[in-house]
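The values are calculated or read from the model by the stated rules, or taken from the named source; none is laboratory data. Quick caveat: nothing in here was measured; it's all calculated off a predicted structure. For neighbour counting, all protein chains shown are included, and Cβ atoms are generated from backbone atoms with ideal geometry for every residue, glycine included. We work out accessible area using only protein heavy atoms, side chains counted, and drop any ligands, DNA or RNA first. Shrake-Rupley method; radii C 1.70, N 1.55, O 1.52, S 1.80 Å.
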Amino acid sequence: MTENNGGEPGNTTTLLGRPAEEYLDEAAGSLEAVKAAILRRLACGPGDRVLDIGCGNGTDVLEIARRVGPSGVAVGVDVQEEAVTGAVRRSRVAGVDALFHVADAYSLPFPDGDFDAVRSERMVQHLDDPAGAVREMLRVVKPGGRVLIADPDHGMWAPDLTDREAARTVLTWWFNNIRNPWIGRRLHGLLGAVGLRDVRVTVMPVVLRTVAEADGLTGLMDALRRAGELGVVPADRARSMREEASLRDTQGGFQMYGAMVLAEGRRTE
């Protein structure tokens, strides 16, 4: 690959070439069903202590805070100070009590067994050491508590484009900018390997029905443009795919499919 698509692999200040907060806000709408499923799986209620690792703009933490109520605690951590500052601001504007800290996933500033549930969403894909982060999640959850991780499998994106060979080439190149693009299919083994039990996996479809949605979540059109400019595929084939996507979008026939993998397990001791 001759150029990074959106920064260094693992860097989350920008995601697919855009400021992280902007990307997360745009992506939230396309992942509404996934986020609802995560909340159902967490099954958090009044009095629970819940931690969100890689909380980004804090939106999910605020929803958890509403569910655990004043007798519970909702905490978000993110390695980016800017993200935490934005999350604190959102919390104040919303009038919702939640706690936010700057911390990385490998060294959480909490004692052992401090939380009833720990979640992360679209975070493990960016890490150098996914197993190390999951071990740390296991450490801070109580015996009997739940760890839930949701990440995409970037090998499963499927835009409805005629030039299948070129589309596969572009998407493979584009998502190789993410440190662990196939992490979704590895989550089951990863959770079991670090000692979580009763591991369960749910694969949820992601359906993008407009080019704007596809751009918001995957950067599709930018990927096609830059792939043509950099010679990842011939420029005329890249241009044809962009034109085809735009035409289908105008006619209401654009579709792009993907998958989010939700893996959950329990600490037994």
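Among the protein heavy atoms of the chain, carbon and sulfur supply 49% of the accessible surface, probe 1.4 Å, non-protein parts ignored. For the chain, the per residue solvent-accessible surface stands at 45 Å², with DNA, RNA and ligands left out and a 1.4 Å probe. Annotation: segment 69-196 has a Kirkwood hydrodynamic radius of 16.7 angstrom, from the mean reciprocal C-alpha pair distance. Could you work out the mean projected area of the convex hull around the alpha carbons of the chain, in square nanometres to one decimal? So the Cα hull casts an average projection of 13.7 nm².
For the chain, DSSP calls about 50 percent of its internal beta bridges antiparallel.
Mean silhouette area of segment 168-269, derived from the convex hull of its C-alpha atoms and averaged over all directions, reads 7.5 nm².
Taking Cα atoms only, the orientation of helix 235-251 departs from the longest principal axis of the chain by about 70 degrees. Over segment 30-140, the alpha carbon radius of gyration divided by the compact-protein estimate 2.2 N^0.38 Å works out to 0.99. For the chain, the longest principal axis of the C-alpha atoms and the axis of helix 59-68 are separated by about 30°. Could you give the angle, 0 to 90 degrees to the nearest 10, between helix 20-30's Cα long axis and the longest principal axis of the Cα atoms of the chain? It works out to around 80 degrees. Seen from a random direction on average, the alpha-carbon convex hull of segment 227-269 projects onto 5.8 square nanometres.
Going 7 Å from the Cα of ALA33 in the Cα-to-Cβ direction, what parts of segment 84-124 have a backbone nitrogen less than 19 Å from that spot? Residues 122 fall inside that zone.
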